[in-house]
Amino acid sequence: MASNGNVSGVTPKSASAGRNGLPKITTHKKQNEICHDDSSAPVKAQTIDELHSLQRKKSAPTTPLDGVQGAFANFAEEERHRQQLQSISASLASLTRETGPNLVKGDPTRKPETPRVQHAPDHYVAQAFSASDSSLKSTHVLHNLSPAELYEQAIKYEQGSFITSTGALATLSGAKTGRSPKDKRVVRDDVTEDELWWGKGSPNIEMDEHTFLVNRERAVDYLNSLEKVFVNDQFLNWDPENRIKVRIVSARAYHSLFMHNMCIRPSPEELESFGTPDFTIYNAGQFPCNRYTHYMTSSTSIDLNLGRREMVILGTQYAGEMKKGLFGVMHYLMPLRQILSLHSGCNMGKDGDVALFFGLSGTGKTTLSTDHNRYLIGDDEHCWSDKGVSNIEGGCYAKCIDLSREKEPDIWNAIKFGTVLENVVFDEHTREVDYLDKSVTENTRAAYPIEYIPNAKIPCVGPHPKNVILLACDAFGVLPPVSKLSLAQTMYHFISGYTALVAGTEEGVKEPRATFSACFGAAFIMLHPTRYAAMLATKMEKHGATGWLVNTGWSGGSYGSGSRMKLAYTRKIIDAIHSGSLLSANYKKTEVFGLEIPTEVEGVPSEILDPVNTWSDKKAYKDTLLKLGGLFKNNFEVFVNHKIGKDDKLTEEILAAGPNF
Ligand SMILES: Nc1ncnc2c1ncn2[C@@H]1O[C@H](COP(=O)(O)OP(=O)(O)O)[C@@H](O)[C@H]1O
Ligand SMILES: C=C(OP(=O)(O)O)C(=O)O
Ligand SMILES: [Ca+2]
Ligand SMILES: [Mn+2]
């Protein structure tokens, strides 16, 4: 109607046109009659506040306690809320003051719903100090908010938070858009001194207990100084017998929603009986560490204290720091229970065949484990116990740079309401995301609950793996697209953990560069790499798993002259591994690395299977191959004097399974 230039209630012919050609609008009003534009009964509210209170229904009451009814049920619920707040209060207690701010549950802009709780003095308090201003202050606790509530918090209070055209929450992580491994510290005490991997090659840079407490107090004071903090109580590990309870205290709705998506979400019943967490993260985000503090070399510090079961984050808002920090904790706790923790993706075929995808950041764990023809168990962190595999997390964290609907439809479709989209660029009006835009960072990311992938396997557990796929993004372009590995070769490459680090996920890396990271995740392992390798060898042998090395990196030359392996080809190779057809292919052995490569893979041009064919300059190929072989040899030197497991024979075989020239 409007497009015809016709205005409702106006007859164009009879209306006299004004100077601008628009018809004059006449309203027909009967005399002595009040206009009744409501056809339905008026709302049962006298004031706008009353109207608003009608809008919000109280959350469905959670499990009624057995035998507790009526007024007592109410009392029991209040008591549970009080206990919950008491537990959070204990987490947030200062170690040096007897009284801290009062904790109040709920949004500061709303009336408090539950009683306030005073910070209980921790057993650590040596001497009581007199009351301070902080004891007069209130801090509001936003405990396990829903995604919708977190959206509102983020949009109202956190700059750079927007809803994208598909409903995801776009956020900015601030100055840091990747992890800061150089700023990670681990407390060295009597126990960890003997148990953990220290020294050359180890990611564990030591810190003493006292310095940890200084940073912990800094984070706790910062969090308590805020008007409100977010608290997430969640689980890690889908194996019910080895589930860990984690609490994450943070300053931002973005962080709370990120962890809501990434950890396992408790049911309302599980949340009620959550009790005391097994591990707590204090994420002070933008608040920096103090450079005068011992061991601090920048404004960022990520501190792990296994004894206290705590982690402190100062001076970085990159959310991946929390998920990978907890992964480090699992890399300590699980091997103590004879369970192998794995930096791998994991999926399962219709017949129950499970595949693991090991690889460093950007090598394809998330991309290749998210496979429309298979059930997704998880994209990044798993455990392999005597019962099979289990995902540690409840969500996925996909790289979004160059994301396309065609190549990665499942990840594309997972970017909807509830998903956190980090550091992406979007149209200011339509809010459509431009996944090609690297203006903020290369390392743009999407964090979504695993059930956003349609064929996710819930619960995220599966039987023992049949295939162990090692992903390497070889920037030199000399590793074959796929090779079948002997057990010794699998161990050699697992311990080496070679890839070209793709720009973005770690600070300061601007272009691919060869790197070795033991167990395809040296930044997260806590024990000596040979400990994990020995467990992997035992499990692979026991369950008859086959090892594969897949190069998702360059073909036809090194980075700069060649090009990245086509994702479609890599997918075909992975399909052939899953189906078992690659096991029975014809193989030939490559020089230098001694890798078994197939002569044919369905859907992949045969000439690319041997990289020498794809290089026009054969001498350059040979030189590059030898150069990479040399880098492998140098890197492996630190492991030469280490025994892998109890088997001397395996140790010798592993040493012999590297490049030979
Ligand atoms: N041949 C390939 N195999 C796997 N990934 C590829 C390939 N070519 C390009 N990519 C891109 O590389 C990135 C791999 O990242 P991702 O799967 O998130 O790695 P990870 O989970 O191991 O950190 C994705 O952006 C993917 O689209
Ligand atoms: C989040 C990360 O994981 P990945 O790149 O392996 O997916 C990371 O390394 O910071
Ligand atoms: Ca000791
Ligand atoms: Mn990933």
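If we scan segment 63-86, do we find a residue that is in a helix (DSSP H, G or I), modelled with pLDDT under 85, of a type in the set (G, A, S) and open to solvent by 40 Å² or more (accessible area, probe 1.4 Å)?
Within segment 63-86, one or more residues are in a helix (DSSP H, G or I), modelled with pLDDT under 85, of a type in the set (G, A, S) and open to solvent by 40 Å² or more (accessible area, probe 1.4 Å).
Looking only at segment 183-216, which residues are polar (S, T, N, Q) and not in a loop (DSSP other than H, G, I, E, B)?
Step one: filter segment 183-216 for residues polar (S, T, N, Q), giving 192, 202, 204, 211, 215.
Residues satisfying the conditions are T192, T211, N215.
Within segment 184-239, which residues are among the basic types (K, R) and open to solvent by less than 10 Å² (accessible area, probe 1.4 Å)? Give the steps one after another, and end with the answer.
Step one: list which residues in segment 184-239 are among the basic types (K, R), which gives 184-185, 188, 200, 216, 218, 228.
R216 - this is the single residue of segment 184-239 that is among the basic types (K, R) and open to solvent by less than 10 Å² (accessible area, probe 1.4 Å).
If I filter segment 240-265 down to residues being touching a Lys or Arg at 6+ places or on another chain (Cβ under 9 Å) and assigned to a loop (DSSP other than H, G, I, E, B), which single residue comes out as most open to solvent (accessible area, probe 1.4 Å)?
Looking at the filtered set, the residue picked out is A251.
Residues in segment 451-458: is at least one basic (K, R), within 12 Å of ligand 4 (Cβ to nearest atom) and in contact (Cβ under 8 Å) with a residue 12 or more places away in the chain? Break it down into steps so the answer makes sense when it comes.
Applying the first criterion (basic (K, R)) to segment 451-458 yields 457.
Checking which are within 12 Å of ligand 4 (Cβ to nearest atom) leaves us with none.
No.
V43: at pLDDT 70 or above, outside the structural domain of T276 (by TED's automatic domain parsing), open to solvent by 90 Å² or more (accessible area, probe 1.4 Å) and not in a helix (DSSP H, G or I), yes or no? Full working, then the answer.
Values: at pLDDT 70 or above: yes; outside the structural domain of T276 (by TED's automatic domain parsing): yes; open to solvent by 90 Å² or more (accessible area, probe 1.4 Å): yes; not in a helix (DSSP H, G or I): yes.
So V43 fits the description; yes.
Within the group V420, V389, which residue is of a type in the set (V, I, T) and more than 14 Å from the chain's Cα centre (by Cα)?
V389
Can we say I458 is at pLDDT 95 or above, surrounded by fewer than 20 Cβ atoms within 10 Å (Cβ to Cβ) and more than 23 Å from W615 (Cβ to Cβ)? Before the answer, list the steps.
On the way: at pLDDT 95 or above: yes; surrounded by fewer than 20 Cβ atoms within 10 Å (Cβ to Cβ): yes; more than 23 Å from W615 (Cβ to Cβ): yes.
Criteria met by I458.
If you scan segment 540-563, which residues turn out to be open to solvent by 10 Å² or more (accessible area, probe 1.4 Å), in contact with a strand residue (DSSP E or B) (Cβ under 8 Å, 6 or more places away or on another chain) and small (G, A, S)?
G544, A545, S555, G556, G562, S563
Mind checking which residues of segment 345-361 are assigned to a strand (DSSP E or B), open to solvent by less than 10 Å² (accessible area, probe 1.4 Å) and more than 10 Å from ligand 4 (Cβ to nearest atom)? Give the steps one after another, and end with the answer.
Step one: filter segment 345-361 for residues assigned to a strand (DSSP E or B), giving 345-348, 354-358.
Still in the list and also open to solvent by less than 10 Å² (accessible area, probe 1.4 Å): 345-347, 354-358.
Result: C346, N347, V354, A355, L356, F358.
Hey, among A585, A537, which residue is in contact with a strand residue (DSSP E or B) (Cβ under 7 Å, 6 or more places away or on another chain) and open to solvent by less than 50 Å² (accessible area, probe 1.4 Å)?
It is A585.
Quick check on segment 418-436: of everything there that is surrounded by 15 or more Cβ atoms within 10 Å (Cβ to Cβ) and assigned to a loop (DSSP other than H, G, I, E, B), which residue is farthest from ligand 4 (Cβ to nearest atom)?
This residue is R431.
Pick out the one residue from G388, G364, G378 that is open to solvent by 10 Å² or more (accessible area, probe 1.4 Å) and either within 25 Å of A475 (Cβ to Cβ) or in contact with a strand residue (DSSP E or B) (Cβ under 6 Å, 6 or more places away or on another chain) (or both). Before you say what the answer is, go through the steps one by one.
Values: G388 fails: open to solvent by 10 Å² or more (accessible area, probe 1.4 Å); G378 fails: open to solvent by 10 Å² or more (accessible area, probe 1.4 Å).
So the residue among G388, G364, G378 that is open to solvent by 10 Å² or more (accessible area, probe 1.4 Å) and either within 25 Å of A475 (Cβ to Cβ) or in contact with a strand residue (DSSP E or B) (Cβ under 6 Å, 6 or more places away or on another chain) (or both) is G364.
The values are calculated or read from the model by the stated rules, or taken from the named source; none is laboratory data. Only a predicted model underlies this, so the values are computations on that prediction, with no experimental measurement involved. Note that we place each Cβ from the backbone using ideal geometry, even for glycine, and neighbour counts take in every protein chain shown. Quick note on the areas: whole protein, heavy atoms, side chains included, nothing else; ligands and nucleic acids left out. Shrake-Rupley method; radii C 1.70, N 1.55, O 1.52, S 1.80 Å.
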